[in-house]
Amino acid sequence: MSVAKSVAASALPSGLVQTLHEARAAAPRLADFSVARRGQLISRKVFADVVRFADFAVAVLAGLIIAALYVDEGVATHALGYTGAVVGTAIVLVAVFEFLQLYQVTKFASLLSQLPRLLFGWAVAFSALVAAVFFFKASGEFSRFWLAAWFVAGACGIIAERFAVAKLTRHWIECGRLYRRAVIFGGGEVSADVIGMLETDGEADLRICGVFDERSMTRDGADRHGYPMLGAVDSLIAFARATRVDLIIVALPLSAEKRIAEIVDELSQLPVEIKIPARLSHLRFAPRTYTRIGSVAMLDLVDKPLEAWGGIAKWWFDKVIAAVALILLAPAMAAVAIAVKLDSRGPVFFRQKRYGFNNELVEVFKFRSMYTDMCDAAAARLVTKEDPRVTAVGRFIRKTSIDELPQLFNVLLGDLSLVGPRPHALSAKAGSDLYDDVVKSYFKRHKVKPGITGWAQINGWRGETDTHEKIQKRVEHDLYYIENWSIFLDLYILVKTPFALLKSENAY
């Protein structure tokens, strides 16, 4: 790999280590401080799947284009046969490449090392086509010129495509987007063993940014095993809020079962994978139980939500539906904007800072529903029935949730999703207590982007949160949504939302 120690230092944003040392004892709200972020991680599974499709597409296009350019009456007459032969050969090609391990992302960067197997794989797939033509006595159905031209063009096309893949791979490696940024929790001998295994494994797809341990202040030395010691659990949470962390490896002895459980419970509020090394246990599980970082076996404790194709599907779902909704609702939104403007002096829109993904602050748009001089941007005071701060138009749009429609712009900007846990204001309270003081697992709902509507809202938990039970139920439903997400669940929630809005007894 290597998990080079020099990378650890360069991966740390300037000044962050000092800030974290000074803030070790801070509460989770320390996460709000801002540090420049690195590029987002490129899913290796998605990248490999895209390359599979590219190989398939190049082979198909080369065969069909040459068939179309070879102007011959026989080719035109047997177009269906040519198409079947091309597609079948391309499928065999991808299967052969899979067998030859040509979809390992770690090897994409070097075209020269892959070239012999690429050409061999193409030759095998093409030989399968020739053999099929011979055994089925279909040689008269296909032009020999087409076969020869496609063989050459296909080989050239695949080499050109893989050359582009190699360049892109090297660029993403330099940007740190193909390697998971990992931190180790635990500064003892177990973490030394884990770091040693990862450093000597050439296939591991991660870079270690540092080591965390709540006992680090009592130990000598500013680093462990060549990596900086960055503090305790609170510092790790702050670090993961401030910069990209993809994986946390809890390297503690299994004899510390209670301590591991407590630490994992705290860290599970972060949108990251959490694993423990499988070699920490003398128990041996079925092979499918393990996941691997290179060849190092791990046991999964917490999965990252909306990984790989799931995240891509949700992104497209949000953008397409939000764009269509804005077009269809534009006349209604224009009418509401006019009503708000005529009802009271002040801007049409109200902007409010709220907690977003990974506790980041996002500015959420709403139609203004309160008198301008009474707006409560921090939501320090609950809106109640007949609240004098709410305008006449505001009462209607709040009760029907029409005031939330401008958040469709937030969806297009990428701050919100159509469906997800509702974003809460910074000082939102259940009764007189802050939400995170009432519900220990409150921040776990920020592992995905917040949404305009959600599972809690369609199940009756919207509106005023004047009791602890109401926010507890909201969080319970939000966590259920995160753990059971699917596109079909999002569709179900969107369809149910208009009906849920009819039950507005708690919305003021």
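Just to check I understand the Karplus step: with θ = phi - 60° and J = 6.51 cos²θ - 1.76 cosθ + 1.60, what whole-Hz values come out for segment 469-480, glycine and proline as x?
These are the phi-based 3J(HN,Hα) values: 4, 5, 6, 4, 5, 4, 4, 4, 5, 4, 5, 4 Hz.
Could you calculate the contour length gain from LYS353 to ALA308, that is, 0.36 nm times the residue separation minus the distance between their Cα atoms, to one decimal place in nm?
13.3 nm
From the cross-link list LYS275/LYS470; LYS385/LYS429; LYS275/LYS444; LYS45/LYS496; LYS429/LYS473, which pairs have alpha carbons spaced over 26 Å apart?
LYS275/LYS470; LYS45/LYS496
In sequence order, what are the phi-derived ³J(HN,Hα) couplings for segment 150-156 according to the Karplus relation 6.51 cos²θ - 1.76 cosθ + 1.60 with θ = phi - 60°, rounded to whole Hz, with x for glycine and proline?
5, 4, 5, 5, x, 4, 5
Sticking with the crude label model, points 7 Å out along Cα→Cβ, report the distance from ALA256 to ARG52 in nm, one decimal please.
Once both label points are built, they end up 4.0 nm from each other.
Multiplying the sequence separation of ARG170 and THR200 by 0.36 nm and subtracting their Cα-Cα distance, what value in nm do you get?
Stretched out fully, the ARG170 to THR200 stretch lengthens by 8.7 nm.
Report, for segment 309-501, the % of DSSP beta bridges that are antiparallel, rounded to 5.
Expressed as a percentage, antiparallel bridges in segment 309-501 total about 85.
What FRET efficiency comes out for ASP437 versus LEU61 if R0 is 56 angstrom and r is the Cβ-Cβ distance? Round to the nearest 0.05.
FRET efficiency, ASP437 to LEU61: 0.40.
May I ask you to list the residues of segment 111-134 whose amide nitrogen lies under 20 Å from a point 7 Å from Cα along the Cα→beta-carbon direction of LEU100?
111-132
Could the peptides 341-350, 123-132 be put in order, highest first, of the mean number of other beta-carbon atoms found within 10 Å of their residues?
Highest mean packing first, the order is 123-132, 341-350.
Find the percent of Cα-Cα distances in segment 385-460 that exceed 19 Å, and round it to a whole number.
49 percent
Within segment 444-508, list the GluC sites (Glu not before Pro) lying in a DSSP loop whose Cβ has at most 11 other Cβ atoms in a 10 Å radius.
Those satisfying the criteria are GLU505.
Taken together, the values in this text are just the output of simple stated rules run on the coordinates, not laboratory data. Predicted model only: the values in this text are computed from it and were never measured. When we count neighbours, we look across all protein chains shown, and the Cβ atoms used for this are built from the backbone with ideal geometry, even at glycine.
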